[in-house]
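Reviewing the structure listed below.
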Amino acid sequence: MNSVRSGSPRFIIVGAGMSGLCMAIRLKQAGFDNVTVLESSDEVGGTWHKNTYPNAGCDIPSYLYCYSFAPNYDWSMKYARQPEILAYFRNCVERFSLRPHLRFRTTVRAATFDEDTATWQVTTDAGDRLTAEFLVSAVGQLNRPNIPAIPGIESFAGASWHSARWNHEFDLTDKTVAVIGNGASAIQFVPEVARQAGRTLVFQRTPSWIHPLHNYRYPHWARWMFRTLPICARAHRSWIYLMCDMRVFAFRSGSKLNLEYARWLRSRMRKVIPPEQWSTLIPDYAPGCKRVLLSSDYLQTLQRDDVDVISDHVDRFDADAVLTSNQRYPIDAAIFATGFQANAFLQPLDIRGRNGQSLDDAWAGRPKAYGGIAVAGFPNLFLLYGPNTNLGHNSIIFMVERQVGYITKCLRRMQNTGARRIEVRKDAMECYDREIQQQLASSIWAGDCTSWYKTADGSIPNNWSGSATAFWRRMKKAKHTDFEISR
């Protein structure tokens, strides 16, 4: 597997977030050293580099939200906050000597497969053209902020920003702040905003199920034990994994477990909020249809005298206010907690495979990929955290590691046979996709709620259909007969 051209990178990985770093590390460990990681930002970390809103953190326990091959035995708390998570990924860069492989402030605009040379021609925003035998997309699903097209937003004279691009220069003190949306980021930053602002208005489209966070700091003796006896840390991680993965059984539509979980959540939420707010703040859809959110202070914050929850639809903005059908609310700032364009995989990259086919055209109906990693018609292209790999109950790092392992097995096969080209068979991809979609059709995510898990037509391109363990079993052994591997 010699490089096609002297000095050209054998692998180009787009994105230096969690999945891109994982791919680069494992490639190096497998002996594939000719790796270049292109990152549009000025540092690694992906979402943990860009999302710096107050109290940003992960809702997966820290000991599970790290690479299995690069454990951190010194997490400070059960659910780590953004600075500690970002520090972990930066540490991995140094630990595995990735710095020479990273190119920052480099945005990929297009990539085209050259059939004559079996290489990818990659074009950056600076006009540079790079050649690689393999292209790996590690851009993730939650990297393009979604700001709804609310009429009049361009005329608003106050400060406005998306939670993923936090404005740290704006002083919230004594200001009236409108928070548009009540998703995972809002749950975390609203309590912090309310402590600073003069008044906080939370514009809620639909209520969310709130599970108590139960976060805690690891005592010194526990951290000492994990560092001194790594087997204890591994056992702790395994227990967390098991508990997380078992939650998938509570996300079966109409199941007794789901009904019991709804009853339990409802009782916990009713203990925190007054009866007159039950209909406003407690959902009427099944828990899991939208992601269950973890917090131990959000609902309490909504009870403050200087915080209002507004369920009326936001009609428009004017120069100094947000307007609903019933009222005008003067504000100083608007913060959008409206999520991401999660269904627009790989956007805005222009990816073209065999015969110049656009990936956008190939995915015109719905994004689909074999194992979330390979698309028919696009040889030597691998995806990480691609279609139908997201989870609502476990760690995405676990899923990405399984994908990286599968890709590495395919590369080993190519190396052993002298092959230079690999492409998933279209019938294999379609068969895989049909099976996953049939399973998803009866899942909780297909329920009667609006979520970023599914599209407007009701299809579910984001989520994996079962447990993380089921995905591991599926990806444990590379099924080479599902691929065309050639010289």
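So the check is Cβ under 8 Å with 6+ separation or different chains; which pairs have a first residue in region 45-66 that's on the phi > 0 side of the Ramachandran plot and a second one that's open to solvent by 30 Å² or more (accessible area, probe 1.4 Å)?
Gly45/Arg90; Gly46/Asn143; Asn55/Arg81; Asn55/Glu192
Consider only pairs whose beta carbons are under 6 Å apart and that are at least six residues apart or on different chains; among these, list those whose first residue lies in region 74-85 and is free of Cβ contacts under 8 Å to residues at least 24 places away in the same chain and whose second residue is of a type in the set (Ser, Thr, Tyr) and part of a loop (DSSP other than H, G, I, E, B).
So the pair list comes out as Ala80/Ser62.
Within region 110-138, can you find the residues that are assigned to a loop (DSSP other than H, G, I, E, B) and either open to solvent by less than 30 Å² (accessible area, probe 1.4 Å) or among the small types (Gly, Ala, Ser) (or both)? Talk me through it step by step, then tell me what you get.
Of the residues in region 110-138, the ones assigned to a loop (DSSP other than H, G, I, E, B) are 115-118, 125-128, 133, 138.
Once the filter is applied, which keeps residues that are assigned to a loop (DSSP other than H, G, I, E, B) and either open to solvent by less than 30 Å² (accessible area, probe 1.4 Å) or among the small types (Gly, Ala, Ser) (or both), region 110-138 yields Ala118, Ala126, Gly127, Glu133, Ala138.
Have a look at Gly371, Gly365, Gly356, Gly392 and point out the one that is within 23 Å of Phe189 (Cα to Cα) and not polar (S, T, N, Q).
Gly392
Would you tally the residues in region 392-419 being open to solvent by 10 Å² or more (accessible area, probe 1.4 Å) and not hydroxyl-bearing (Ser, Thr, Tyr)? Explain how you work it out, then say what you get.
First pass over region 392-419, keeping only residues open to solvent by 10 Å² or more (accessible area, probe 1.4 Å): 392, 396, 398, 401-402, 405, 408-409, 412-413, 415-418.
Filter once more, keeping what is not hydroxyl-bearing (Ser, Thr, Tyr): 392, 396, 398, 401-402, 405, 409, 412-413, 415-416, 418.
Of the residues in that region, 12 qualify.
Those residues that are under 25 Å from Cys289 (Cα atoms) and out of contact with any strand residue (DSSP E or B) (no Cβ under 7 Å at 6 or more places or on another chain), I need them from region 150-194; list them, please.
Answer for region 150-194, where residues must be under 25 Å from Cys289 (Cα atoms) and out of contact with any strand residue (DSSP E or B) (no Cβ under 7 Å at 6 or more places or on another chain): Gly183, Ser185, Phe189, Pro191.
Since Leu213 meets every condition but one in (1) open to solvent by 60 Å² or more (accessible area, probe 1.4 Å); (2) part of a loop (DSSP other than H, G, I, E, B), which condition does it not meet?
(1)
Do we have any residue at all in region 13-35 that's hydroxyl-bearing (Ser, Thr, Tyr) and more than 16 Å from the chain's Cα centre (by Cα)?
Taking every residue of region 13-35 in turn, none turns out to be hydroxyl-bearing (Ser, Thr, Tyr) and more than 16 Å from the chain's Cα centre (by Cα).
Restricting attention to region 70-82, report how many residues are open to solvent by 40 Å² or more (accessible area, probe 1.4 Å) and either in a loop (DSSP other than H, G, I, E, B) or in contact with a helix residue (DSSP H, G or I) (Cβ under 8 Å, 6 or more places away or on another chain) (or both).
Here the count works out to 4.
Exactly one of these conditions fails for Thr107: (1) open to solvent by 30 Å² or more (accessible area, probe 1.4 Å); (2) more than 17 Å from Leu27 (Cβ to Cβ); (3) of a type in the set (S, T, N, Q); (4) over 20 Å from the mean Cα position of the chain (by Cα). Give me its number.
(4)
Counting only residues that are in a strand (DSSP E or B) and under 27 Å from Ser163 (Cβ atoms), how many does region 360-376 have?
Count: 0.
When you look at Asn388, is it of a type in the set (S, T, N, Q), modelled with pLDDT of 95 or more and under 30 Å from Phe89 (Cα atoms), yes or no? Outline the logic, then answer.
On the way: of a type in the set (S, T, N, Q): yes; modelled with pLDDT of 95 or more: no; under 30 Å from Phe89 (Cα atoms): yes.
Answer is no for this residue.
Restricting attention to region 40-56, report how many residues are over 13 Å from the mean Cα position of the chain (by Cα) and open to solvent by less than 10 Å² (accessible area, probe 1.4 Å).
Residues that pass the stated criteria total 2.
For Ala428, indicate whether it is open to solvent by 30 Å² or more (accessible area, probe 1.4 Å) and of a type in the set (A, V, I, L, M, F, W, C).
Working: open to solvent by 30 Å² or more (accessible area, probe 1.4 Å): no; of a type in the set (A, V, I, L, M, F, W, C): yes.
Spelling it out, it is not the case that Ala428 is open to solvent by 30 Å² or more (accessible area, probe 1.4 Å) and of a type in the set (A, V, I, L, M, F, W, C).
Go through Ile460, Ile422, Ile485, Ile444 for me and flag whichever is in contact with a strand residue (DSSP E or B) (Cβ under 6 Å, 6 or more places away or on another chain) and crowded, with 22+ Cβ neighbours inside 10 Å.
On inspection, the qualifying residue turns out to be Ile422.
The values are calculated or read from the model by the stated rules, or taken from the named source; none is laboratory data. On a predicted model such as this, the values are computed, not experimentally measured, just so you know. Heads up, the Cβs are rebuilt from the backbone with ideal geometry, glycines too, and the neighbour counts pull from every protein chain shown. Calculation scope for accessible area: heavy atoms of the full protein, side chains included, ligands and nucleic acids excluded. Shrake-Rupley method; radii C 1.70, N 1.55, O 1.52, S 1.80 Å.
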